[in-house]
Number of protein chains: 2
Amino acid sequence: MNTNTPSLPLNRREFIRYSAQAAGTAFLLLNTVNAACASPEKVFTVQDVINLILKEGGLSALTNTVDTIKAGKPDQHVTGIVTTMFPTIAVIEETKKRGANFIIAHEPSFYNHTDAADWMANNSVQKKKLELLNKYGIAIWRFHDYCHALQPDAILYGVAKKANWLPYYQTGKTLVTIPQISLKALAQHLKASLDITTVRVIGNLEQSCKRLSLLPGAFGGRMQITTVESDQPDVLIVGEVSEWETAEYIRDRQAMGNNTSLIILGHCVSEEPGMEYVADWLQPKLHGIAVSHIPSGDPFAWI
Amino acid sequence: MNTNTPSLPLNRREFIRYSAQAAGTAFLLLNTVNAACASPEKVFTVQDVINLILKEGGLSALTNTVDTIKAGKPDQHVTGIVTTMFPTIAVIEETKKRGANFIIAHEPSFYNHTDAADWMANNSVQKKKLELLNKYGIAIWRFHDYCHALQPDAILYGVAKKANWLPYYQTGKTLVTIPQISLKALAQHLKASLDITTVRVIGNLEQSCKRLSLLPGAFGGRMQITTVESDQPDVLIVGEVSEWETAEYIRDRQAMGNNTSLIILGHCVSEEPGMEYVADWLQPKLHGIAVSHIPSGDPFAWI
């Protein structure tokens, strides 16, 4: 991720140039910081926050993206920010309670990937949700494509962090090699560290695992299957599958003697640590606006 | 479903005409039946069986369908038929044991809806599965689009039959109104009758249910959501969802005071009774060829 201070080692000439620039702009910077601290009325709009995230993340604007404003207006003044996976009714209510009015959500607001307006136009639930958002004056922006485009991918990084796997995680790689653990113990570790009630597993629970392909969320069968073919992991860990794709591929793969197992965490809980990490990443970049995370949580009971 | 005998009431003139035709063709028919019974060497090819299913089902040929031959050849002589949900390795092995060489499967053979050849061309599991099918001389035909096009939809009918809901099931309708039952008891009834280990539920387990929208399999978020909007059921019962679609729609719908609950059975086990019914439906139409069902079973363990 970009910061204003170069994070790579500087050679001597660069160091002198940077220091001179820094000295020359010190007064101005100091004044800016003071102004930000001394002016509680300093305001950010929704669009300002989006621009800041793109700038700080070193992200180029995408022309074809689902990361659009789903409710509220770009020029709306932000009173507080909440990150979450799904902007559920419970998350909206809690956002209101916290005095915040901007939800940055990783997933759709209206039950389909593109939040398509056509076939959902008369949907009763979407209508009521929009009415509630309007009543509370809460804006929603989806932070999905940009979120995965960060280096490191904020979701993967957040999950690796929460699972205590940062020493083994490498930016840009799905394969994480951890100390040897049984499939059963691995599933239990994921349940405990990511706060999950129940996971679905295909595999021998006594199997020894080291090589994990980590694909939280719902990357789709093609991505999941080709990742297994290239990573050759002991376990594929995902948020969600289409059962007729990855689950059947893993079942056949095992039946033909290959050990790759599958752990399905649940979509929401599998990526939640990423959006928690986004709050931690964003807060220091925004003076005077509270950024907090609200987990949307797994919706299921298991019977 | 079509039979040679008109099943609709006949007026008198039609009855006389039909009776005369029947008398005129009686000898010929008798001879045909005798020939079929007396000739154990009478052979059906894979294509013959497909043609018979389309004819007996009153189905018009589809130009754009996933129901194609996935392994084996159309002119292959059929020694026995197995119906199943997924032609897993275990199902292939059991088919071989039964002396059958034709699997009629509801779902894909190669882990994606269209059994696309391009990105799967070098897939290690697909390769080995095809080698095994070639070695055993087993053909696979997918019976999906045609299966749902039957009147009644063979999958829906089979599920309603297995759940003892035939008295309440109406051809062409997703809504089934049953005697009042709690959501918890309903989930338990489905587990027991459809032989399911664990189901996922969103809803109040004490809720009273009568109106069920029955959509086994994975009809997709759009179909599932629009069905709830039109049926206004107490419970939507599905095989599989994309969690960011139907699950979140149901979660928000409930949070806004509407009682519609969701039961997710698992894709495979939710449609299996349909393919079991297909075997029962097909057997009497094929003399001299055994048609049996092999359940492919749920692939998951729940931890």
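The values are calculated or read from the model by the stated rules, or taken from the named source; none is laboratory data. If you're wondering where the values come from, they're calculated on a predicted model, not measured in any experiment. Note: ideal-geometry Cβ built from the backbone for every residue, glycine included; neighbour counts use all protein chains shown. These area figures cover heavy atoms from the full protein model, side chains too; ligands, DNA and RNA do not enter into them. Shrake-Rupley method; radii C 1.70, N 1.55, O 1.52, S 1.80 Å.
Quick notes
- Among the candidates A:G172, A:G158, residue that is closer than 13 Å to A:L214 by Cβ, touching a helix residue (DSSP H, G or I) at 6+ places or on another chain (Cβ under 8 Å) and away from chain B (no Cβ under 14 Å): A:G158
- Positions within region B:193-233 being more than 14 Å from chain A (Cβ to nearest Cβ), open to solvent by 10 Å² or more (accessible area, probe 1.4 Å) and either in a loop (DSSP other than H, G, I, E, B) or farther than 19 Å from B:N258 by Cα (or both), in sequence order: B:S193, B:D195
- Checklist (1) in contact with a strand residue (DSSP E or B) (Cβ under 8 Å, 6 or more places away or on another chain); (2) within 14 Å of chain A (Cβ to nearest Cβ); (3) more than 30 Å from A:P108 (Cα to Cα) applied to B:Q188, failing item: (1)
- Unique residue being under 25 Å from A:G288 (Cα atoms), within 14 Å of another protein chain (Cβ to nearest Cβ) and crowded, with 21+ Cβ neighbours inside 10 Å when the list is A:T83, A:T95: A:T95
- Scan of region A:50-70 for residues that are part of a loop (DSSP other than H, G, I, E, B) and loosely packed, with under 14 Cβ neighbours inside 10 Å, ordered by number: A:G58, A:S60, A:A61, A:L62, A:T63, A:N64, A:T65, A:T68
- Count of residues meeting criterion [over 21 Å from A:Q47 (Cβ atoms) and more than 14 Å from chain B (Cβ to nearest Cβ)] in region A:98-113: 1
- Output for region A:48-70, where each listed residue is of a type in the set (G, A, S) and more than 21 Å from A:H113 (Cα to Cα): A:G57, A:G58, A:S60
- Residues that are over 22 Å from the mean Cα position of the chain (by Cα) and open to solvent by 10 Å² or more (accessible area, probe 1.4 Å) do occur in region B:294-301, at least one of them.
- Checking A:A71, A:A90 one by one, the residue that is facing chain B (nearest Cβ under 10 Å) and in contact with a helix residue (DSSP H, G or I) (Cβ under 7 Å, 6 or more places away or on another chain) is A:A90 and no other.
- Residues in region A:234-248 that are of a type in the set (A, V, I, L, M, F, W, C) and either part of a loop (DSSP other than H, G, I, E, B) or more than 7 Å from chain B (Cβ to nearest Cβ) (or both): A:V235, A:L236, A:I237, A:V238, A:V241.
- Close contacts from region A:242-258, counting a first residue that is more than 14 Å from A:T227 (Cβ to Cβ) and a second that is among the charged types (D, E, K, R) and part of a helix (DSSP H, G or I), with Cβ to Cβ under 7 Å and a gap of 6+ residues or different chains, come to A:D252/B:K129; A:M256/B:K128.
- Taken over region A:271-285, the residue count meeting the criterion of being open to solvent by less than 10 Å² (accessible area, probe 1.4 Å) and closer than 16 Å to A:T95 by Cβ is 4.
- For region B:249-270, the set of residues classified as part of a loop (DSSP other than H, G, I, E, B), open to solvent by less than 10 Å² (accessible area, probe 1.4 Å) and polar (S, T, N, Q) consists of B:T260 only.
- When A:P273, A:P295 are screened for being part of a loop (DSSP other than H, G, I, E, B) and modelled with pLDDT of 95 or more, only A:P295 passes.
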